[in-house]
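Novice: Let me give you the structure first, and then I'll get to my questions.
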Amino acid sequence: MADRQEIADAIAGFALFADLSTPQLLGVAHTFDETFFPEGERILRQGLTGSGFYIILEGEARVVVDGQERAMLSRGDFFGEVSILLGDPPTADVVATRPLRCIVIARTQIETFLIAHPRVMFRMLQAEARRLRNANRFRA
């Protein structure tokens, strides 16, 4: 398990946190918990369970919707946000394809975190817009 400085250093290069100062990055590292998943573990289950916002520090995961792989996620990518923001079950399975190390924040803390970090919220919104654009291209 990494200490908070190591987590802050790891996330400093992620687009989601690009606008944060070093003290703010340390604050993020203290707000999130570190978690690990073995290869093959399903972190989110489509239509069933999901209670956190995850950011990948190491490893890879695949996103599966209705049995079809839709995306691969890796270092710096995030997932679980739709479920916790809307209060709905996850719209996809997320499965570790290699051992996965993440930081996670619970549903109950996400609103406070995003309001306190509007630049993170903006970058998250940008990423969501890109995902929506790509999903629309996929359907066309």
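The values are calculated or read from the model by the stated rules, or taken from the named source; none is laboratory data. All figures in this text were calculated on a predicted structure; none of them were measured in a lab. Cβ placement follows ideal geometry from the backbone for every residue including glycine, while neighbour counts extend to all protein chains displayed. Please note that ligands, DNA and RNA were not included when accessible areas were found on the heavy atoms of the full protein model with its side chains. Shrake-Rupley method; radii C 1.70, N 1.55, O 1.52, S 1.80 Å.
Novice: PRE reach from Arg75 (point 7 Å along Cα→Cβ): which of the range 1-44 fall under 11 Å by backbone N?
Specialist: Answer for this model: 10-11, 13-14.
Novice: Could you please state how large a percent of the accessible area of the range 1-135 is carbon and sulfur, counting protein chains only and using a 1.4 Å probe?
Specialist: That fraction is 52 percent.
Novice: At 1.4 Å probe size, with every protein chain present, just tell me what the per residue accessible area of the range 30-140 comes to in Å².
Specialist: 58
Novice: Per residue of the chain, what 222 nm ellipticity follows from adding -39500 (n - 2.57) for every DSSP H run with n ≥ 4, rounded to the nearest 500?
Specialist: It lands at -12000 deg cm²/dmol.
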